[in-house]
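To start, the structure itself, in structure tokens.
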Amino acid sequence: MITAERKPLDELVEYIRPFDRILLVGCNECVTVCAAGGRKEVGLLAAALNMTFLKSGKSLQIKELTLERQCDPEYVEELAAHIDGVDAVLSMACGCGVQEVARRFKNTPVFPAVNTKFMGASERPGIWAERCQGCGDCLLGRTGGICPIARCSKRLMNGPCGGSTNGKCEISVEVDCAWQLIWDRLKALGLEDRYEEIMPAKDWRTAGGGGPRKIIREDLAE
Amino acid sequence: MENFEPVVVAFCCHYCAYTAADMAGSQRLSYPANVKIVRVPCSGKVDAIHVVKAFEKGADGVVVAGCLEGDCHFKTGNIRASRRVAYLQKLLDEIGIGADRLEMVLMSAGMGERFAETAKRITEKIRKLGPSPINAMVLSEARQSAC
């Protein structure tokens, strides 16, 4: 999922300071899973903001809503009923959601409440790690299910560098050497031969190197 | 500030802390009436929003009281509560209410005296800290309009 973390409170306070009526919108998908912007976090942030402003004598009206997703127009449309009663929107969704809300409601300022981080998976409850960078040409079949683009600090395509020590990356002992992981996995699968296959230079155009990307399904596009 | 009576909300787990409070009662140990007890099945059930709402509604202090380590009826509820309280203390600092207004305490069901002492200690601590910053505004306004 897309992971995110709430922005520091003082940054959010600066965004909404000029306004009296705020719509605080959460998202029920990725940011709920990583406990950054779901219904619970919306409740917490609303109370936190309310108290922050109460300290200086200002009473802030905050309307709390959590949409199923903010990256689909059908769900964002649900905000239309509430938008006239507010001066600004604070969205706890990832960057995709914030932009969709801003696109739909052009006359109301929309602010992000979280910093969108990376595409990742849960290692353990409460711990999420980067797994995918959306390169557009997935090579996981050749690396035993471990991605050298997302998990190798240098995005090497053909084995570890000289900095790989005891299975850890030279940048930090907390980062596993992706190629160590790949070798261990291929060995466990009995596919060591695959390690010898040289991967050619990657075409990064599908990875965003060619500009903003789009998918069009002819059979589904209206 | 004279005449300030702090409001302290104590979330007490049914199996230990609440029973300790009950024990304090049967032993006729007095503790300040400032402490309002909310019984929960386990301290781990106390959600972040419960604590934050307590402060939003005017509590000057909040205590989460659970079982001693290793004794939680639900195995690790008190450990989760401790972690949650630590996280909330950081949030309260961010908001400007202050981490010292929230505390996690552990006790067993038989510790009536510990409950009474804890209640007294925390009430005095909050009394020294003064009213919660969001109440201070309300209080000073009331004072000004009374003059």
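Throughout, read-outs are computed from the coordinates displayed, never taken from laboratory work. All values reported here derive from a predicted model rather than from experimental measurement. Heads up, the Cβs are rebuilt from the backbone with ideal geometry, glycines too, and the neighbour counts pull from every protein chain shown.
Span-like helices, chain B: DSSP H, alpha-carbon axial extent 18 Å or more, mean Kyte-Doolittle -0.5 or greater, which ones?
Details: long enough: B:77-95 (26 Å, -0.30); B:112-129 (26 Å, -1.02); B:133-146 (20 Å, 0.11).
Once both thresholds are applied, what remains is B:77-95, B:133-146.
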Taking amide H positions as placed 1.01 Å from N in the peptide plane, with prolines and chain starts having none, which residues 5 or more places from A:Arg69, or on another chain, fall under 5 Å of its amide H? A:Asn28
Per 10 Å bin, what is the whole-percent P(r) computed from every C-alpha pair distance within chain B? 12, 41, 33, 11, 3, 0
Test of understanding: given chain A, find the longest segment containing no trypsin sites (Lys or Arg not before Pro) that are in a DSSP loop and have at most 14 other Cβ atoms within 10 Å. A:155-212
Roughly how big is chain B's charge dipole about its Cα centre, with Cβ charges of +1 (Lys, Arg) and -1 (Asp, Glu), in debye to the nearest 20? 240
Just the number, please: percent antiparallel of the DSSP beta bridges in the stretch A:4-121, rounded to the nearest 5. 20
Averaged over B:43-52, how many beta carbons belonging to a partner chain fall within 10 Å of each residue's beta carbon? 3
Over the alpha carbons of chain A, what is the largest minus smallest coordinate on each principal axis, giving the biggest first in Å? 66, 46, 26
Per the charge dipole of the protein assembly as shown (beta-carbon charges, Lys/Arg positive, Asp/Glu negative, Cα centre), the residue among B:Val35, B:Gly70, A:Ile2 reaching farthest to the positive end is B:Val35
Once Lys and Arg are counted +1 and Asp and Glu -1 for all other residues with Cβ under 15 Å from that of B:Glu94, the total becomes -3
Selection from A:Pro109, A:Thr52, A:Pro200, by position along the positive dipole direction of chain A (Cβ): A:Thr52
Give a residue-ordered list of calculated ³J(HN,Hα) values for the stretch A:118-123 (Karplus: 6.51 cos²θ - 1.76 cosθ + 1.60, θ = phi - 60°; whole Hz; x for Gly, Pro). 8, 8, x, 9, 7, 7
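Please state the charge dipole magnitude for the stretch A:1-128, taken about the Cα centre, from unit charges on C-beta atoms (+1 on K and R, -1 on D and E), reported in debye and rounded to the nearest 20.
Using only the charged Cβ atoms, the result is roughly 320 debye.
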Rounded to 10°, Cα long-axis angle of helix A:178-189 versus longest principal axis of chain A: 60
Least to most buried among A:Met92, B:Met104, by other C-beta atoms within 10 Å and fewest first, runs B:Met104, A:Met92
Considering only DSSP beta bridges whose two residues both sit in chain A, what percent are antiparallel, to the nearest 5? 45
Only counting other Cβ atoms within 10 Å, I'd like A:Cys152, A:Cys135 sorted with the fewest neighbours first. A:Cys135, A:Cys152
Net charge (Lys, Arg +1; Asp, Glu -1) of residues whose beta-carbon lies under 13 Å from that of B:Ile126, B:Ile126 excluded, is +2
Within straight-line cross-link reach of A:Lys168, lysines at Cα separation under 29 Å, skipping those fewer than 8 residues along the same chain: A:Lys117, A:Lys154, A:Lys187, A:Lys202
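Give me the net charge for the shell around B:Val63: Cβ to Cβ below 11 angstrom, other residues only, Lys and Arg +1, Asp and Glu -1.
So the environment of B:Val63 carries a net charge of +3.
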To make sure I understand, if each residue's beta carbon is the centre and we count other beta carbons within 10 Å, what order do A:Ser153, A:Ser172 fall in, fewest to most? A:Ser172, A:Ser153
Just checking the output field for B:130-136: average partner chain Cβ neighbours within 10 Å of each residue's Cβ? 3
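Any idea what the dipole of the protein assembly as shown comes to, in debye rounded to 20, about its Cα centre with Lys/Arg Cβ at +1 and Asp/Glu Cβ at -1?
It works out to roughly 600 debye.
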